[in-house]
Amino acid sequence: MQFTENHLYHIYNRGNNQQQLFFEREHYIHFTRNIRKFISPAADIIAWCLMPNHFHLLIHANEHTTRIVKHHPIQINALTEGIRLTLSSYTKALQKQRGFTGNLFQQKTKSKCIDDVDNNYAITAFHYIHQNPYSSRLVKKIEEWEFSSLNDYLGARNGTLINKQLGYQLLDLDRERLLDETYKAISDHQLEMILKRER
């Protein structure tokens, strides 16, 4: 994956053949630890959400992101390697615990630059990521889902996985209206734009 410093990216992957990735609370926690260990040093995480069979990250590429950490057989930047390690480490742990072999995730993690579309795409993606558990009917209220960054932005949790200040700055978020804005329906046009870029 190629990244350019000072750009926003929507990164996502799902279970191979849409299989489940997280089976219990500890699995979600283990995966967030991997994100902290392998991805956080390579980029600013603006938003995240883990779903039973997929995950979303909204990241801001910084000076660490594009640093080349492997040269052979091809050059690999720090964020690409961080994503690979996050997924492979989690897969190995789950294989050991649940006794299966083969791929857990789809082969290619998708990464889309989202500040090259229009000014609204980044904020739409931010809300879309946080709306996932609600729109999938996993919770009755968006803020009930534990495994996303929304409660950090709402001040209900003091998590350190995201760069909240940078998120507010880059997306021009309104602290007072954030939850109301997160509940707003995303238009069919906006949703199509996101889903089209996810394919």
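The values are calculated or read from the model by the stated rules, or taken from the named source; none is laboratory data. What you see is a predicted model, and the numbers here were worked out from it, not measured in a lab. Positions of Cβ are backbone-derived with ideal geometry, glycine not excepted, and every protein chain shown enters the neighbour counts. Surface areas here come from the heavy atoms of the whole protein model, side chains and all, with no ligands, DNA or RNA. Shrake-Rupley method; radii C 1.70, N 1.55, O 1.52, S 1.80 Å.
For Met1 and Glu144, what does the FRET efficiency come to when R0 = 22 Å and r is the distance between their Cβ atoms, rounded to the nearest 0.05? It would help to have the intermediate numbers written out before the result.
Numbers: r = 33 Å, r/R0 = 1.48.
The value I calculate is 0.10.
Kindly state, as a whole number, the per residue volume in cubic angstrom of the convex hull around the alpha carbon atoms of the chain.
Details: hull volume 24.8 nm³, N = 199.
Taking the convex hull of the Cα positions in the chain, it is 124 Å³ per residue.
Express in whole angstrom the spacing between the alpha-carbon centres of the range 138-188 and the range 68-131.
Taking the Cα centre of each part, the range 138-188 and the range 68-131 sit 21 Å apart.
Taking 0.36 nm per residue of sequence separation and subtracting the Cα-Cα distance, how much length would be gained by fully extending the chain between Arg33 and Ile186, in nm to one decimal?
Length difference between fully extended and current span is 52.0 nm.
Just to be sure I understand the rule: take each whole DSSP H helix in the chain, project its Cα atoms onto its long axis, keep it if the span is 27 Å or more and its mean Kyte-Doolittle hydropathy is at least -0.5. Which ones pass?
Numbers: long enough: 78-98 (29 Å, -0.45).
Length and hydropathy pass: 78-98.
How long is the gain from Thr101 to Arg67 if the chain were fully straight, where each residue apart is worth 0.36 nm and the alpha carbon distance is subtracted?
On the way: separation 34, 0.36 × 34 = 12.24 nm, distance 3.24 nm.
In short, 9.0 nm is gained.
Give the carbon-plus-sulfur fraction of the accessible surface of the range 3-113 in %, rounded to a whole number; probe 1.4 Å, heavy atoms of protein chains only. Please report the intermediate quantities before stating the final value.
Values: 2600 of 5470 Å².
Here it works out to 48 percent.
Can you list the HN-Hα couplings for the range 16-21, worked out from phi with the Karplus curve (6.51, -1.76, 1.60; θ = phi - 60°), rounded to whole Hz and with x for Gly and Pro?
Karplus values, whole Hz, x for Gly and Pro: 4, 6, 6, 6, 5, 9.
Compute the accessible area per residue over the chain, keeping the other protein chains in place, probe 1.4 Å, unit Å². Walk me through the intermediate numbers first.
Values: 10720 Å² over 199 residues.
Each residue of the chain exposes 54 Å² on average to a 1.4 Å probe.
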